[in-house]
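Each value in this text was obtained by applying a stated rule to the coordinates, not by laboratory testing. Since this is a predicted model, take the numbers as computed values, not measurements.
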Amino acid sequence: MVRAIQKTLYLILACFIGLFIASSFFIRAKYNYFVYGDTPVLEKQQLGLFILGIVVVLALSVILYKICLKLNQYSWKIVIPVILLCSFAIQIVIIFLFPRLPTDDSQTVLSLALDMLYRNDYSSFDTTGYLHMFPFNFSIVVYLKTLLQLFPDNYLVIKIFNILFTLLTSLMIYLLYKELNDNSKDQDYGILVFAATYIPSLFMSNLIYNDVIATAFLTSALYFAVKFIKRKSIKDIVFAAIFLAVGNYFRSIGVIFLIAVVVSLLFNMR
C-alpha cells in the first residue's frame, strides 16, 4: 500500500515535470521591466534559439561533468571552498556587469527600511500603511533595516549577503544529495558544481527580495530533516525546525516543506 502511494506521488511529479518541459517548447516567459513593468509575460517560444540554448547548456554540462570526475581525487577541504569561491566570484561579476536597481515591491520594502533606519518612521504599520496591508513583507523590511544598520548603506552590501545565502543553498543541495546517496564511494563534487553554477540562481543575487534568503533556510531545513529520518538524532530535528521557522518567516511557504517532511516521516515509519 505504501509503495503504491509512493509510486503514485512519483508519477504525479513526473507528469508535472513532463508538462513543464513540453510546454517550454511552445511558450516562454519574458521579463523586460522597461517594456512590461515588473511583470513577466508569456509569448511564443523562439524554437531555434531555444534548441541552440539547450545544445550549448548540454555541451557545457558534459565538460563540467568530466572536470568534476577529475576532482574526486582531491580532499573536500580544498574542493568545496574553491567551488564556492568561484561561484562567489561569478556572482560578483554578474552584479557589476548587469547592475540592477530595486523596482516596485523591492524598492518599496527598501524605502520602508531606510525610513525606519534614518527617520524612525513606522507609519507603514498604520491602518492605511503598506505593512498593514501586506504584513508578509515585514520580515524583509526588518532584515534590510538591520543589515544596513550594521553595515554601510549600499546596494552592494545587500547583494553580497544574497550571494552568501545562495552559496549556502548550493552547499546544502550538495550535502542533501550526499545524505540521500551515502553509499556512493565518490565525492560527487559535480552536484555542488552544478548547484553553484545554476544560471537562474546566479542572477537572483542581483535582486533585493526575500526569495534567496528563504530558499537557503528551507533547503537547510530539508537537509537536517533527512538527517533526522536516517539517524533519529534530536538535534537534527531541532535544527530542521529552526531553519524551517526562519525560512517561513522570510517566505510563507514553510508549510509546503513541513508537509513534505511529515509525509516522509510517515513513509519512513512504515
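Angle of helix 2-23 to the longest C-alpha principal axis of the chain, folded into 0 to 90 degrees and rounded to 10: 60°. Comparing Cα centroids, segment 1-65 and segment 134-191 end up 24 angstrom apart. Short-range pairs are left out: with C-alpha atoms under 8 Å and at least six residues apart, the relative contact order of segment 202-270 is 34 percent. Mean separation of Cα pairs under 8 Å and 6 or more residues apart, divided by the residue count, gives segment 1-58 a relative contact order of 24 percent. Measuring against 27 Å, Cα to Cα, the residue pairs K70/K159; K66/K185; K70/K178 contain K70/K159 as the ones spanning a longer distance.
Kindly identify segment 181-270 as rounded, prolate or oblate by the Cα gyration tensor criterion: order the square roots of the eigenvalues as a ≥ b ≥ c, call it rounded if a/c is under 1.5, otherwise compare a/b with b/c, prolate if a/b is larger, else oblate. It comes out oblate by the Cα gyration axes. Between the Cα long axis of helix 155-180 and the first principal axis of the chain there is an angle of about 20°, rounded to the nearest 10.
Sorted from longest to shortest, the spans of the Cα atoms of segment 5-90 along the three principal axes equal 46, 46, 26 Å. Where only DSSP H runs of four or more residues are counted, the chain gives -24500 deg cm²/dmol as its mean residue ellipticity at 222 nm, each run worth -39500 (n - 2.57). Please list, short to long, the whole-number percent of alpha-carbon pairs of the chain in consecutive 5 angstrom bins beginning at zero. Here the calculated profile for the chain is 1, 5, 9, 12, 15, 17, 15, 12, 8, 4, 2, 0, 0. Across the chain, the mean sequence separation of Cα contacts (distance under 8 Å, 6 or more residues apart), normalised by length, yields a relative contact order of 18 percent. Comparing Cα centroids, segment 213-270 and segment 77-95 end up 27 angstrom apart.
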